[in-house]
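Here's the structure we're looking at; comments come further down.
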Amino acid sequence: MRKFDPWPVFFEREWNRNWPFLVGFAITGTLITKFSLGLTVEDAKNSPFGQRHMTANLYGGRMIPYDCDII
């Protein structure tokens, strides 16, 4: 007699329960990546948020301008 394997039942139940979260996470990650990669250095210089947070907390607290090639 073949032994019962619970893994297929477990994965099917969990997939049915978690697929909305996984799909939403994938869509959100794709959109954030798409919009982040579309930003240019000029956009960062003109952004009020970027001007306030010019990497002040990196590199020992020194203010490093965006056109610097440290990254």
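Throughout, read-outs are computed from the coordinates displayed, never taken from laboratory work. Here the structure is a predicted model, which is why all the values come from computation and not from measurement. Cβ placement follows ideal geometry from the backbone for every residue including glycine, while neighbour counts extend to all protein chains displayed.
Worth pointing out:
- Stretched out straight at 0.36 nm per residue, the stretch from Ala26 to Glu42 would grow longer than its current Cα-Cα span by 2.9 nm.
- Distance in nm between pseudo-label sites at Phe49 and Lys34 (7 Å out along the Cβ direction from Cα): 1.8 nm
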